[in-house]
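Trainee: Attaching a single structure in structure tokens format; questions to follow.
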Amino acid sequence: MQADTATPSHAVMQQAAEWFALLRSGDATEQDRAALRDWLDQAGDHRQAWAYAESISQRFAAMQAPENRQAAAGALTQIHAKRGGRRRLLGSIAVLAGAGWLGWAGWRDGGLSDMALGWAGWRDGGLSDMALAWSADHRTATGEMREILLADGTRVWLNTATVLNTDYQPAMRRIQLLTGEMLIDTGHDPRPFFAETRHGRLQALGTRFTVRLDGDNTLLAVYQGKVAVTTSGGDTRVAEAGQQLRFSADSIQPTMAADPAREAWTRGVLLAADIPLQELVTELARYHRGHLGVSPKVAHLRVLGGYPLRDPERALAMLESVLPVKVERTLPWWTTIEPK
């Protein structure tokens, strides 16, 4: 058995979703189950994709409510009709929303698996960030954007899935960004203002700026004033209005022109300035409750315009209207963009 280290491809992710749909249908035979075991044993990315599908399903337990059964059944009918009825799903779609799913390891080995976190946890930062969120001062859910006003008049906009703490003391003001993205418009106050991430500290100098945690680095974009950056390793630089940069714990990347999209999200707009469809979908997926993927066959298509972040379904419909693509839903919570 290969190690579970590979990032699943689009094709493997789709296979995992279809296997998941088959087992949830209640119509899987022993031969089907044996074939799934073989598929999982073939490669680590198969198991990663399966664990990811499990984690998304668990988030969407509400899909088992009666009002969602017809939608789920319809999605399965369309997907598996294309497979020529090979897995005989249509005869038992009515039981789609039956008993809860414990996952591959629980089904195979008789117990809950530590794979339950799955690819979503690996992609989004893991259980440590989830635990921090429960005790944080401010947080937003997936797809939620919110503005808060602090005691000194500082305004902070929290983007989707954002977690932060505030620490105001007599001699300083501090915001700690744990996950996600924020825009800060600092209030007038003689105390110094700091924003911190796990990669370093930012000192605002009469400023409006955004900070985004992006994997192994932090993205800073400055729109007014200046921001002094100090990494955890001690490197320093000042970013001026109209500039942006990325920094990690031990280095600062070259300064670039600030991207207007890094501020547009506060108005509920995702700006696409002639970018690949893959880049837009990756960004839109941050606001989408469930899996959102794109086929490599259309990922290179260029996209231009503004898309509504508070209405991902409308954004997908807009893409269908201007590009040679179609939106497919293998499951109610599993959406992909495919060639027409």
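Trainee: Would you grab the residues whose amide H sits under 5 Å from the one on residue 258? Only those 5+ places off in sequence or on another chain, please, with H modelled 1.01 Å from N.
Mentor: When sequence neighbours closer than 5 places are left aside, the close amide H contacts are 243, 244.
Trainee: Let me ask another. Could you work out the per residue convex hull volume over the alpha carbons of segment 131-259, in cubic angstrom?
Mentor: Values: hull volume 13.2 nm³, N = 129.
In segment 131-259, the Cα hull volume divided by residue count equals 102 Å³.
Trainee: Also, I was wondering about something else. Could you pull out every residue, at least 5 positions away or on a different chain, whose amide H is within less than 5 Å of the one on residue 293? Hs are placed 1.01 Å off N in the peptide plane, and Pro or chain starts have none.
Mentor: Those lying under 5 Å, H to H, from residue 293 are 335, 336, 337.
Trainee: How long are the three semi-axes of the equivalent ellipsoid of segment 186-326, in whole Å, if each is the root of 5 times an eigenvalue of the C-alpha gyration tensor, listed from largest down?
Mentor: Values: eigenvalues 212, 52, 34 Å².
Rounded to whole Å, the semi-axes are 33, 16, 13.
Trainee: In units of 2.2 N^0.38 Å, what is the alpha-carbon radius of gyration of segment 273-340? Can you show the working numbers first?
Mentor: Values: Rg = 10.7 Å, N = 68, 2.2 N^0.38 = 10.9 Å.
This ratio for segment 273-340 stands at 0.98.
Trainee: I've got another one for you. If I take R0 = 56 Å and measure r between the Cβ atoms of residue 232 and residue 33 in this structure, what FRET efficiency does the formula 1/(1 + (r/R0)^6) give, to the nearest 0.05? Provide the component values of the computation, followed by the final result.
Mentor: Working: r = 49 Å, r/R0 = 0.87.
Here the calculated transfer efficiency is 0.70.
Rule-based calculations on the coordinates, nothing more; no lab input. Values in this document were obtained by computation on a predicted structure and should not be read as measured data. We place every Cβ from the backbone using ideal geometry, glycine too, and count neighbours over all the protein chains shown.
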